[in-house]
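Asks: One structure, as structure tokens, below. Some questions next.
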Amino acid sequence: MPIKSVNEATPLLFPRLYICSFQNPFASTIYTSLCRLHIIFIIMFFSIMSGGSMHSGLVGLVCLAIASAICCSSVGSSNNIMCLESERHALLQFKQGLADESSDLASWKSEKDCCKWRGIACTNQTGHVITLDLSYSYYADSTKWRGEISPSLLELRYLNYLDLSYNHFEGIMIPKFIGSLSQLKELKLADANFSGPVPPQLGNLSNLHTLDLSRNKYISSENLEWLSHLSSLRYLNMSEVDLSKVVNWPQSLSKLTSLTELKLSWCNLPDVNLRSLSFINSSTSLQLLDLSGNSLNSSIFYWIANVSSNFVHIDLSWNKLEGGIPKGFQNLCSLESLTLWSNQLSENFEDSVKTLSCAENTLETVELGFNQFWGSLPDLKRFFKLRKLDLSNNQLNGSVPESVGQLSSLERLYLDGNSLSGVITEAHFLNLSRLQYLSLSGNRFSINLSSDWNPPFQLLWLDMSSCKMGPAFPKWILTQTKLTHLDLSNAGLSGSLPIQVWDLFSGLFDLDLSMNQIHGKLPNLSSTSLGNVNLSSNLFYGALPSFSPMLQSLYLSNNRFSGPLSSLCATQSPYLVYLDISKNLLSGELPNCWMQIQVLQVLNLGKNKLSGKIPSSLGNLQSIGILRLHDNNFSGELPSLENCTRLIMVDLGNNNLSGKIPTWIGQSLTNLAILRLRSNEFNGIIPFSLCTLAAIHVLDLSHNNISGGLPHCFNNISQSANDYIYYPSFLNLELVWKGIEIEFGKNLAGMRSIDMSSNYLVGEIPQCIASMTELISLNLSRNCLTGQLPENFGNMKMLESLDLSRNQISGKIPASFSRLNYLGVLDVSHNHLSGRIPLGTQLQGFDASAYMENLGLCGPPLPQSCPGDGTVQDDGIARGTKTVNDGLISLGFFISAVLGFVTGFWMVFGSLLLKTSWRCAYFGFLDNAKDWIYVKTVVYKAKVRRTLQR
């Protein structure tokens, strides 16, 4: 553009002084004088060019420029510059909208200069506020802010940095007026508990180069078109923002041509077909891409391979990617990090390595865990910068090449959960001096490391579960003094632990030595840092020691610990969540100190020798979800657990508990899925409140002294197979299944069982019991039940085990029993049943003992024939005479009969199928005939009845 006046030319000559003129009156005066003198200089310039002294003119011009720069510099560096009063007032208004309960913003009042306030920064030249940073930091002395965001921020016209991240704005919307802060360059509102739609006014911030709205789970956007106006945007993070309705997200993002980092993880992005789209096709500057957790398909690979060869970090984990790593990735020669964790990728791993060979000089992180990569591990030593290699939970086989020991930069190595085998030797760790995390569990490795081996590394994490390491405890592990996690479960260890081990454990937080043959006593562990301890299935004995106050989980089941539980009270573990000391030799009464373990969720003390009454303080465990005190010698009545409303399992079986079954079980424990009170001395009737246990899966009241009838409200109990109940992976439960006590583990969630056997129940089996259509096992044996079986018993089609034996049930077996197609165990013996056993593949397939001691019962599989069976047989056979073959029954006869039947059937059926009028007439005739027969039968029966009455 041509310069039209002297006033337009002056800013070009003195740009710094021009800017200063807007910031200070003194600089403004200088600038005005320069404008007036500029004409003189122009005249002098042309004069010089016409023959005057050019040198002297230039010297004067340069001197004036230097003078103006010095002037402006001196103005800007004045120590007297303070924030403007209008901006100070705006900040105080902003403060009034916040809840400052901790007085963290006390400086915002006591200090007059707002440029010295906490979280505020100003320009040195003018005092304008340019930074407002009130982000919360866990590591600094700060407060999570609440309240409102005042529009007084609009007075901060020069604000270019605004950060309110990691606060708690209690679900308010992101203010629309933020889009009017036109000078903003960085806007950070991450994890601040905003909600509602993202205001499209943010698209007005044309100077913005950083936008972070991540981790606000309750904000959403239905359109990202507003992003297209942010042409200067270089960093965009909207992770965990709901973008499920933004079907045009690829097109909107393609306009961000300056973008270098894009993070849209866990946004519920619609899975669009990207093969035909040009996504960010002009953003060759893109270096970091994070689209993890969006369920995207493999079409996402197409544009990644074409969009840029400058990718440094790619994260596509937790999607639905299939196939292998695309060949287009062979051009990504600057790649440092590739994360494809938890997808459905399936490829020979050697081919994957070839695809990534261009990045062998840059690649530092490879995370391919939880996929289906197969094949053997190739030589990886050319990837010399590799720091993290995660190939866990794939289908890799073969041995680990020794060349892995040449990866001197390696810090994390995860090979667990594969089918790898072979011997691991010192060569595999030769140069791994930086190694900190090592996981080899779930393979078939043999660890062959000499007892005097001195590892070149200091590990923080070691997991060699299911590796062959024993029988002695590996001495080289004693050199790893920085360990925080150690898992040597199922490693073939036996004998006692070295004394030095306990010194090593002082720094450990996670320790798992379960499923070995280690023996010995445990020392006092109260001075350690142990938070999670699993020593189950070993041979430890002696009294329980005191543990760390940091203890969160303790598994000591299936050992030989003895003595009282008094050390539990001495442990003082306020963080204890899981406690399992089942299958030991503990004795004495339960301590009454459960008040100090308020967060306890799982308590399993089953199969010990504990006795006495169950302490009432257990009722204060409001977080308890699983309570197992089974197979002990507890006596007395059950204390109130009404406050334990999160209970999903109560197992008190095989004790000496007495009294009535409390009504509060059904009234308060509404989440209860498993109630096991078998083999106690409970008496009285079954409380009707148990019918309100809508989530019950297993109800076992067997082997008690319960009397009365079965409640007629069992139809209120939901036995839906869709009810999902979470059971911890370590949980096992003993149930009588098909007549045998079996320990259920992983398949416990699918069990639906009612067992009320061996009590004193009387009366009939209520009809409503047949409404529990998802029931798998029903045992009402060894009671005093009478009456007839419900006619609709066959509605329980999922039944696999049914035991009604040793009662006084009479009448016939309902015909609906033939519909119990899944029935594998049946016992109705020792009753008063009569009549023919219904015909059905299942019922005739059981042994005769299932029906024995029912004197009136007949028909297969029993040897007793039913009355009238002989009349339906051939006369000759019925009389015991020899049957004569008259020559008519031959192979040709059977062939002719079959052909005749097929021909006749299709002549009739085909005609009815093709001719609508014939079909309607035919079925109409059948209906009329049925009605005619029914009426004639009823009339005939009435006549006979009247005749008999006479």
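The values are calculated or read from the model by the stated rules, or taken from the named source; none is laboratory data. Because the structure is predicted, anything quoted here is derived from the model rather than measured. Because the Cβ atoms are built from the backbone with ideal geometry, glycine has one as well, and the counts that use them run over all protein chains shown.
Asks: Which strands (runs of 3 or more DSSP E) does the stretch 342-402 wholly contain that include 3 or more residues that are under 24 Å from F445 (Cβ atoms), over 23 Å from the mean Cα position of the chain (by Cα) and not charged (D, E, K, R)? Break it down stepwise before answering.
Replies: Values: elements: 365-367, 388-390, 395-398.
Of the strands (runs of 3 or more DSSP E) lying wholly inside the stretch 342-402, those with at least 3 residues that are under 24 Å from F445 (Cβ atoms), over 23 Å from the mean Cα position of the chain (by Cα) and not charged (D, E, K, R) span 395-398.
Asks: Sticking with this structure for a sec: Are there any pairs, at least 6 apart or on different chains, whose C-beta atoms fall under 8 Å, with the first in the stretch 426-446 and of a type in the set (D, E) and the second outside any strand (DSSP E or B) and crowded, with 16+ Cβ neighbours inside 10 Å, and if so, which?
Replies: E426/L449
Asks: Checking L332 against (1) more than 23 Å from Q436 (Cα to Cα); (2) modelled with pLDDT of 95 or more; (3) surrounded by 20 or more Cβ atoms within 10 Å (Cβ to Cβ), only one condition comes out false. Which one?
Replies: Checking L332 against (1) more than 23 Å from Q436 (Cα to Cα); (2) modelled with pLDDT of 95 or more; (3) surrounded by 20 or more Cβ atoms within 10 Å (Cβ to Cβ), the one that fails is (2).
Asks: Return the residues of the stretch 528-545 that are among the small types (G, A, S) and more than 34 Å from the chain's Cα centre (by Cα); say none if nothing qualifies.
Replies: G542, A543
Asks: So, of the residues in the stretch 765-785 that are modelled with pLDDT of 95 or more and not in a strand (DSSP E or B), which turns out to be farthest from L826 (Cα to Cα)?
Replies: The selected residue is N783.
Asks: Ok, one more. Quick one: is L202 under 18 Å from C267 (Cβ atoms), under 28 Å from the mean Cα position of the chain (by Cα) and either in the same structural domain as A90 (by TED's automatic domain parsing) or not hydrophobic (A, V, I, L, M, F, W, C) (or both)?
Replies: No: the conditions fail for L202.
Asks: It is to be established whether one or more residues within the stretch 796-808 are in contact with a helix residue (DSSP H, G or I) (Cβ under 7 Å, 6 or more places away or on another chain) and surrounded by fewer than 20 Cβ atoms within 10 Å (Cβ to Cβ). I'd like the intermediate steps shown before the answer.
Replies: First, pick out the residues of the stretch 796-808 that are in contact with a helix residue (DSSP H, G or I) (Cβ under 7 Å, 6 or more places away or on another chain): 796-797.
Filter once more, keeping what is surrounded by fewer than 20 Cβ atoms within 10 Å (Cβ to Cβ): 797.
Yes, some residue in the stretch 796-808 is in contact with a helix residue (DSSP H, G or I) (Cβ under 7 Å, 6 or more places away or on another chain) and surrounded by fewer than 20 Cβ atoms within 10 Å (Cβ to Cβ).
Asks: Now, a different point. Can you name the residue in the stretch 649-699 that is in a helix (DSSP H, G or I) and hydrophobic (A, V, I, L, M, F, W, C) and is also farthest from the chain's Cα centre (by Cα) among such residues?
Replies: Restricting attention to the stretch 649-699, the residues satisfying the condition of being in a helix (DSSP H, G or I) are 664-668, 688-692.
Applying the additional criterion that residues be hydrophobic (A, V, I, L, M, F, W, C) yields 664-665, 688, 690-691.
Values: W664: 32, I665: 30, F688: 37, L690: 31, C691: 32 Å.
Only one residue fits best here, namely F688.
Asks: While we're looking at this one, here's another question. For the stretch 849-871, name all the residues that are part of a helix (DSSP H, G or I) and either farther than 17 Å from P814 by Cβ or out of contact with any Ser or Thr (no Cβ under 7 Å at 6 or more places or on another chain) (or both).
Replies: Listed by number, the residues that qualify are S849, D869, G870, T871.
Asks: Is it true that E360 is among the acidic types (D, E), under 30 Å from W249 (Cβ atoms) and either surrounded by fewer than 19 Cβ atoms within 10 Å (Cβ to Cβ) or without any contact (Cβ under 8 Å) to a residue 60 or more places away in the chain (or both)?
Replies: no
Asks: What number goes with the only condition from (1) buried (at least 19 other Cβ atoms within 10 Å of the Cβ); (2) under 24 Å from N393 (Cα atoms) that I477 does not pass?
Replies: Among (1) buried (at least 19 other Cβ atoms within 10 Å of the Cβ); (2) under 24 Å from N393 (Cα atoms), the lone unmet condition for I477 is (2).
Asks: So, of the residues in the stretch 751-764 that are assigned to a loop (DSSP other than H, G, I, E, B) and of a type outside the set (K, R), which turns out to be nearest to A673 (Cα to Cα)?
Replies: M751
Asks: With the checklist (1) surrounded by fewer than 16 Cβ atoms within 10 Å (Cβ to Cβ); (2) assigned to a loop (DSSP other than H, G, I, E, B) in hand, flag the one item G196 doesn't pass.
Replies: (2)
Asks: Go through the stretch 374-390 and give me each residue that's touching a Gly at 6+ places or on another chain (Cβ under 8 Å) and either closer than 17 Å to I314 by Cβ or of a type in the set (S, T, N, Q) (or both).
Replies: Matches in the stretch 374-390: S376, D390.
Asks: A further question follows. Out of curiosity, is L568 under 30 Å from the mean Cα position of the chain (by Cα), surrounded by 22 or more Cβ atoms within 10 Å (Cβ to Cβ) and free of Cβ contacts under 8 Å to residues at least 40 places away in the same chain?
Replies: no
Asks: Filter the stretch 591-646 down to the residues that are in a loop (DSSP other than H, G, I, E, B) and among the basic types (K, R), then identify the one that is surrounded by the most Cβ atoms within 10 Å (Cβ to Cβ).
Replies: Once the filter is applied, the top-ranked residue is K607.
Asks: Those residues that are in contact with a Pro (Cβ under 6 Å, 6 or more places away or on another chain) and in a loop (DSSP other than H, G, I, E, B), I need them from the stretch 222-247; list them, please.
Replies: V247
Asks: Another question, if that's okay. Filter the stretch 770-805 for residues that are of a type in the set (A, V, I, L, M, F, W, C) and under 14 Å from L820 (Cβ atoms) and give the result.
Replies: Selection gives A770, M772, L775, I776, L778, L789, F793, M796, M798, L799, L802, L804.
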